[in-house]
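These notes are about the structure you will find just below.
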Amino acid sequence: MMKKMKLELILENQESMLIGRVSYNDNLIIDSDRSLQKLEKKLKILLSEFDGLEPDKIEFEHFYDVYALFQQFDFLKISKVAAHAGINAGLLRQYASQVKYPSANQAKKIENTIHELAEQMLHASLYVA
């Protein structure tokens, strides 16, 4: 089994386009697309062309800005996430609309909350009568 290389993929959203950037070997590679899957494919091709990496050996670890997170996961209810995080819902809406930007501590609090909610969902099962 081939070992995959994990690279950090920083994701932002701008005018309904997902913008991704990856740093590798002192190169900053940036591209955009409407779909995360297509964006990843484009970046893997660029990494192959610039650095000789094999696309099927690359795995991305996603890092979203708050705006991109709520755009990508638009089923998340901002007011509920805010309540779970102990953040004012209006403030989180401002982060999610890029009116304001969170501090590193606030961003970590939001990230931890999203992970906790995801963990709860992983343990949920449906009962069919």
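The values are calculated or read from the model by the stated rules, or taken from the named source; none is laboratory data. Bear in mind the structure is a predicted one, so any value in this text is a computation, not a measurement. Reconstructed Cβ throughout: ideal geometry from the backbone, glycine too, with neighbour counts over all protein chains shown. Only protein heavy atoms, including side chains, enter the accessible area calculation; ligands, DNA and RNA are left aside. Shrake-Rupley method; radii C 1.70, N 1.55, O 1.52, S 1.80 Å.
Assorted remarks:
- Eligible aspartates and glutamates near LYS77 by straight Cα distance, threshold 16 Å, same-chain separation 8 or greater: GLU111, GLU116
- Over every Cα atom in the stretch 2-76, the radius of gyration and the widest Cα-Cα span, Dmax, amount to 12.4, 38 Å.
- Listed by chain and number, the lysines placed with their C-alpha closer than 28 angstrom to that of LYS80 are LYS100, LYS108, LYS109; residues fewer than eight positions away on the same chain are left out.
- Ratio Rg/Rh, restricted to the chain and using Cα atoms, in which Rh is the Kirkwood radius: 1.04
- Spatially proximal lysines relative to LYS57 (Cα-Cα < 26 Å; intrachain offsets below 8 disregarded): LYS3, LYS4, LYS6, LYS38, LYS41, LYS42, LYS44
- With all protein chains in place and a 1.4 Å probe, the accessible surface of the chain carries 51 percent carbon and sulfur.
- Solvent-accessible surface of the chain, taken per residue with a 1.4 Å probe and all protein chains present: 70 Å².
- Residues with amide H under 5 Å from that of LEU7, placed H, sequence gap 5 or more: GLU59, PHE60, GLU61
- 12 Å beta-carbon shell around LEU7, net charge (K/R +1, D/E -1): 0
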